[in-house]
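Some notes on the structure that comes next.
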Amino acid sequence: MAYALSVLEKSPIAEGESAAEALKRTLHLVQQAEVWGYRRFWLAEHHNTPQLACPSPEVLIAYLLGQTSRIRIGSGGVMLQHYSAYKVAENFNLLATLAPGRVDLGVGKAPGGLPLSTQALQAAHDQQNKPDFPKQLAQLNAYLNDDAQPGLSATPQPVQPAQRFLLGASNESAQLAAEHGWAFVFAAHLNGNPEDIRRALAHYSEQSGGRKALLAVAAIVADSESQAKDLAAGIQQYRVHVTGGQSVTVGSLEQAESFVQQAGATDYRIEPRESHILLGTARQVRQQLDQLHQQYGVEEFVIDTPISQPAARLASLQLLALAGDAV
């Protein structure tokens, strides 16, 4: 089937290794992904997370751009609520100037960490006057378009600006992306509910004049279905709902309980997320992607590979790429 494959990278730190070793593996992975034909390589943003080595995608993007030649590299995504929209525009205009035609700017509204890191990141904000996410996105769009206000530019202005993507898992995110002319990426690796996907993708297409959204999915590929199931064993996400606050998805019950504790929440609930990981042999996972392609009209999948073992994770992405023709 004719669809593109891209990679979502979190720079996981394996047991017994250093962050430096994990980042070396990220470099090796992006270089291999370029050889295997993946279209994009996106870096996630996570704060105060000992198991992950990338709190600052834009720094790592610059490093990886300098050691690759063709693959697009970007953020999946910058957690915009923590930052000045002007500074984000400057960062990605600079990256796009350094590597014309190869830079992607993906943004999201999740915190990318637990409440203590959010408080530290936003300590300098005037909380009473801090804009909400839709306003921040509008500001960022204006700075990238260089029409925010006379006399103010997010320099340097690149000849080929970064491509813009909004990451989300709701109709509201789809609407925001369409309103600002951004590509929309539905985060099915966090919310794989088929009805939520269908509604959001249809809404985005309707509101954007027929544009196709991207779909981020979790996938585990191995030489056999039983091996893939073994690799997926124990993977469980949880959704934390705090009354009056933002709901978040985390990767373990321990993280969910830590979120509640750090937030000082007394009225909350923690719910296990239903697993929607695509798993099996390369042929089986390709068949599942084919089905999603036919069902939703998706023309590009962003692959999250939630495997803790480094060698198995690399093999999963290689097997998936070589099982079909990435475009």
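The values are calculated or read from the model by the stated rules, or taken from the named source; none is laboratory data. Please read these numbers as outputs of a predicted model, since none were measured by experiment. Cβ coordinates were reconstructed from backbone atoms using ideal geometry, including for glycine residues, and neighbour counts include every protein chain displayed. Heavy atoms of the whole protein, side chains included, go into the accessibility calculation; ligands, DNA and RNA do not. Shrake-Rupley method; radii C 1.70, N 1.55, O 1.52, S 1.80 Å.
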* Structure fact -> Within region 215-230, residues under 21 Å from Gly77 (Cα atoms) and either touching a Pro at 6+ places or on another chain (Cβ under 7 Å) or in a helix (DSSP H, G or I) (or both) come out as Ala218
* Asked: What number of residues within region 78-108 satisfy the criterion of being crowded, with 22+ Cβ neighbours inside 10 Å and either among the β-branched types (Val, Ile, Thr) or closer than 23 Å to Ser258 by Cβ (or both)?
  -> 6
* Restricting the first residue to region 123-149 and requiring it to be on the phi < 0 side of the Ramachandran plot, which pairs with a second residue that is among the basic types (Lys, Arg) meet a Cβ separation below 8 Å and a spacing of at least six or different chains? -> Phe133/Lys109; Asn141/Arg164; Leu144/Arg164
* Structure fact -> The helices (runs of 4 or more DSSP H) lying wholly within region 231-327 that contain at least 2 residues that are within 28 Å of Lys212 (Cβ to Cβ) and either open to solvent by 60 Å² or more (accessible area, probe 1.4 Å) or polar (S, T, N, Q) (or both) are 282-296, 310-322
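Every residue, every condition in (1) touching a strand residue (DSSP E or B) at 6+ places or on another chain (Cβ under 7 Å); (2) of a type in the set (D, E, K, R); (3) farther than 16 Å from Ser6 by Cβ, yes or no:
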residue: Leu167; (1), (2), (3): yes, no, no
residue: Glu172; (1), (2), (3): no, yes, yes
residue: Glu179; (1), (2), (3): no, yes, yes
residue: Ala188; (1), (2), (3): yes, no, no
residue: Gly192; (1), (2), (3): no, no, yes
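Let's see how each residue does on (1) charged (D, E, K, R); (2) part of a helix (DSSP H, G or I); (3) crowded, with 23+ Cβ neighbours inside 10 Å; (4) modelled with pLDDT under 95:
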site	(1), (2), (3), (4)
Ala2	no, no, no, yes
Ala22	no, yes, no, no
Glu34	yes, yes, no, no
Phe41	no, no, yes, no
* **Tally of residues being outside any loop (DSSP other than H, G, I, E, B) and either farther than 23 Å from Ser117 by Cβ or among the polar types (S, T, N, Q) (or both) across region 73-88** => 3
* Structure fact -> When His47 is run through (1) out of contact with any helix residue (DSSP H, G or I) (no Cβ under 6 Å at 6 or more places or on another chain); (2) in a loop (DSSP other than H, G, I, E, B); (3) of a type outside the set (Phe, Trp, Tyr); (4) modelled with pLDDT of 95 or more, the failure sits at (1)
* Could you list all residues from region 128-175 that are within 21 Å of Arg72 (Cβ to Cβ), under 21 Å from the mean Cα position of the chain (by Cα) and small (Gly, Ala, Ser)? => Ala162, Gly168
* Asked: Mind checking which residues of region 207-226 are in contact with a helix residue (DSSP H, G or I) (Cβ under 9 Å, 6 or more places away or on another chain) and free of Cβ contacts under 8 Å to residues at least 12 places away in the same chain?
  -> Gly209
